[in-house]
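J.: Please find one structure pasted underneath; my questions will follow.
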Amino acid sequence: MPDSSQVKRDPAGRRRATAVIKFIERLTVPSGTGQGKPFKLEPFQKLFIRSIYEPHIGLRRVVRRAILSMARKNGKTALIAAIVLAHLVGPEAIVHGEIYSAANDRDQAAIVYKFARQMVELEPELSSEIDLVPSTKTMIARRTGSVYRAVSAEAGTKHGYLPSVVIYDELAQAKNRDLYDVLDTSFGARDEPLFIVISTQSNDPEHIMSKLIDDGLSGVDPAIVCHLYASDDDCELADETQWYKSNPALGKFRDYEDLATAIRKAIRMPAEEPKVRNLFLNQRVSPIASLISRAEWMACAGDAPLQQGEEVYLALDLSSVADLTALVVGTVADPCRIEPHFWKPRDHLTEHASRDFGSGSHRYSEWAEAGHLHLSPGKTINPETVALFIAEMTQRYRVKGMAYDRWRINDILREFDRIGLQAYEDKEGDKGGDGLRLVPWGQGYKDMGPAIDALELAIIDRQLIHPNNPVMNWNMANAVATMDPAGNRKLDKDKARFRIDGAVAVAMLLGLRARDRAVKPIDIEALIG
């Protein structure tokens, strides 16, 4: 949580920030808590405003991007509307400025505009300075010619805009980053561009909102500020001290009993917990319960590379011919150190990045360039490429066995024959045969139940070390398990939002590892006796 020591003091900037605060506090609250009374900024809101406008170099504002992330119902709509007016006709107004409040759908965009319009209509002085155009959710400042417009991701192209200020409402809920990217790249030659994001966190660590928060908290770029209000990842729902960490307005205009009711419901109904943690405690968790929490998974990240000649297991999850294929290598010895490998067809990188992460994304290409993703030439994953890589693993390590999903495995087996890699199928656990031991692993409750148990146990006991591969992290964040009446679980690709191939592979690997350990050795003396 930010504090006042993080704000760089500057006389010009201090005057500038104070002017914005004074302007906002002369406005009237049009609805909700405090309706009809002067707008009273809470300390966390003043701190955010000062962190934007105080840092200066000479007469120029330093900050170009500001992120405020907190739980729902902490007054973000009112704050957005107030900052809009400060830039339209207040102390931050410029000649021919363009101010945009961005939202993911028309309804949310209309709410922000409506709140700002009501503020204007309650102040005769503002009404005399601003023309309202409700049909297009637009305001025009008569004196400067500046324009404010509320836009949404549903409203078609935004090209041609030249914003001076953009305030994005609930970016975490954006299904893609199209609107964000268009606005972010439209500032052009503005002297002091400003992009503000006010949102809860996204559940996806690879979402643009998560990336902005992580970058902002790093403190690397002085032009970026980030104020994150979030409860601790591993906190108890009933811990009221944690509620205040994510709800800075709690007990003020954030109703205490409303939050307490939602928390109590989540305690009674575990299915509600992920949603409450994400939206009301501002934790980076999926609204659908993930198999493994991000906090637990990231606690197992470490640098522990595999050594040549070590005993290992392999696990292979093949994709359709054009999607993600995963192979995980993991040590027999404790803790299990894993090394994940992924393949994508080179010709589908751009198309599939737009499909999985939003139009304009180049994430698969970035992962490939960073060495986290292998590329298969053409439009499909060539089974020969994967077979040759597995053969290389058998030369580098002492492979105890490879678990595999039966889907498309015949393509790999044919390549094994063609390249001369000797292998045999172990269906009963007898481990008899020559070459690479192949263990078919069903994806139903019978086989995946023990595999998921083994994966969870390894993570909870910190007996698994992964290399923080972003593709694997993404797959684990996407993994969702379903349960049968007996309590057995399996990974459900249909309910997962995105790819989970790496999660399937590491579960199979740990499942095979645990199954082998559970097989009791033959008592030779007992047989002889």
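J.: Alpha carbon centre of segment 456-472 versus segment 125-178: separation in Å?
T.: Cα centroid to Cα centroid, the span is 45 Å.
J.: Can I ask one more? Set the Förster distance to 35 Å, then compute FRET efficiency between I267 and R106 from the Cβ-Cβ distance, nearest 0.05.
T.: 0.50
J.: Cross-link partners among aspartates and glutamates for K175, C-alpha distance below 13 Å, same-chain residues fewer than 8 apart left out?
T.: D105, E154, D204, E206, D356
J.: Please report the relative contact order for segment 240-289, taking Cα pairs under 8 Å with a sequence separation of at least 6, and give it as a percent rounded to a whole number.
T.: 32 percent
J.: Then there is this: For the chain, find the longest principal axis of its Cα atoms and tell me its angle to the long axis of helix 43-53, 0 to 90°, nearest 10.
T.: For helix 43-53, the angle is close to 90 degrees.
J.: For segment 176-306, what Kirkwood radius comes out of the mean inverse Cα-Cα distance, in Å?
T.: Averaging 1/r across every pair of different Cα atoms and inverting gives 16.9 Å.
J.: Could you check the simple spin-label distance between D453 and R15, using points 7 Å along Cα→Cβ, in nm with one decimal?
T.: So the two model labels end up 7.2 nm from each other.
J.: Report, ordered by chain and residue number, the aspartates and glutamates lying within cross-link reach of K252, taken as a straight Cα distance under 12 Å and ignoring same-chain residues fewer than 8 apart.
T.: Candidates past the 8-residue exclusion: E42.
J.: Another one. Treat every Asp and Glu Cβ in the chain as -1 and every Lys and Arg Cβ as +1, leave all other atoms uncharged, and give the resulting dipole magnitude about the Cα centre to the nearest 20 debye.
T.: About 1840 debye.
J.: Then there's this: Counting GluC sites (Glu not before Pro) as exposed when in a DSSP loop with at most 13 other beta carbons within 10 Å, what is the longest stretch of the chain free of them?
T.: After excluding every exposed loop site, the longest remaining stretch is 237-427.
J.: Do you know the relative contact order of the chain, to the nearest whole percent, from alpha carbon pairs under 8 angstrom that are 6+ apart?
T.: 12 percent
J.: On to the next question. Within segment 438-480, what residues put their amide N at less than 17 Å from the label point 7 Å along the Cα-to-Cβ vector of Q307?
T.: 465
J.: Using alpha carbon centroids, what distance separates segment 201-224 and segment 375-418, in Å?
T.: 37 Å
J.: Once you charge only the Cβ atoms, +1 for Lys and Arg and -1 for Asp and Glu, what is the size of the charge dipole of segment 246-397 about its Cα centre, to the nearest 20 debye?
T.: Dipole size: approximately 700 debye.
J.: A further question on this structure: Using the number of other C-beta atoms within 10 angstrom as an exposure proxy, rank C235, C300 with the fewest first.
T.: C235, C300
J.: Evaluate the chain: find the radius of gyration of its Cα atoms, find its Kirkwood radius, and give the ratio Rg to Rh.
T.: 1.07
J.: Test of understanding: what is the full-extension gain from K40 to F389, defined as 0.36 nm times their sequence separation minus their Cα-Cα distance?
T.: Length gained between K40 and F389: 119.3 nm.
J.: Tell me the net charge near E392. Cut-off is 15 Å between Cβ atoms, E392 excluded, with +1 for each Lys or Arg and -1 for each Asp or Glu.
T.: The answer is -2.
J.: Mind running the shape call on segment 4-228? Use the C-alpha gyration tensor, a ≥ b ≥ c as the square roots of the eigenvalues: rounded below 1.5 for a/c, prolate if a/b tops b/c, oblate otherwise.
T.: It comes out rounded by the Cα gyration axes.
J.: Additional query: For K22 and D214, calculate 0.36 nm times their separation in residues minus their Cα-Cα distance, and state this gained length in nm to one decimal.
T.: 66.0 nm
J.: Would you mind calculating the gained length between A299 and D234 on full extension (0.36 nm times residue separation, minus the Cα-Cα distance), in nm to one decimal?
T.: 22.2 nm
Every number here is computed from the coordinates shown, using simple stated rules; none is lab data. Just so we're clear, the structure is a prediction, and the values are computed from it rather than from any experiment. All Cβ positions, even for glycine, are placed from backbone atoms using ideal geometry, and neighbour counts span all protein chains on display.
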